[in-house]
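Novice: A single structure is presented below for examination.
Each reported figure results from applying straightforward, stated rules to the coordinates on display, with no laboratory input. Computed from a prediction, not measured in an experiment: that's the story for all the values here. Methodologically, a virtual Cβ is constructed for each residue, glycine included, from the backbone with ideal geometry; neighbour enumeration extends over all protein chains shown.
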Amino acid sequence: MKEKSKCQLVTTAWGAFYEVMHYAEPNEEDLKMVIEMCNDMKKKMAVSGAKVISKSKDLESFVGCSLPDKIEIHPPKNRTILRNNMGSI
């Protein structure tokens, strides 16, 4: 399976889930049914040997890119703006 098609499948699956939640939200019984169905699906996937992935991997597959290991924050290039904005009005 191509990576792009997997991302499209993940996006389509999330869209379907959000659509179901949209319809279920007004009715408490429907929400309970969604929870029960999700738990049943999770059990079936665990029995079939489906891999459990971390939240970050799930997010990466939804967004389509990997999260960085390290984030560097640099000071602003023009420090005079900082000095002019600090203190008196």
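Novice: Need the full-extension length gain, residue 35 to residue 65, defined as separation in residues times 0.36 nm minus the C-alpha distance. One decimal, nm.
Specialist: Numbers: separation 30, 0.36 × 30 = 10.80 nm, distance 2.92 nm.
The residue 35-residue 65 span can extend by a further 7.9 nm.
Novice: Here's another thing I want to ask about it. Can you tell me the FRET efficiency between residue 12 and residue 73 if r is taken as the Cβ-Cβ distance and R0 is 25 Å, rounded to the nearest 0.05?
Specialist: Working: r = 36 Å, r/R0 = 1.43.
E between residue 12 and residue 73, to the nearest 0.05, is 0.10.
Novice: Which of rounded, prolate or oblate describes the stretch 14-74 when judged by the alpha-carbon gyration tensor and an a/c cut-off of 1.5?
Specialist: On the way: a/c = 3.35, a/b = 1.65, b/c = 2.03.
Judged from the Cα gyration tensor, the stretch 14-74 comes out oblate (a/c at least 1.5, b/c at or above a/b).
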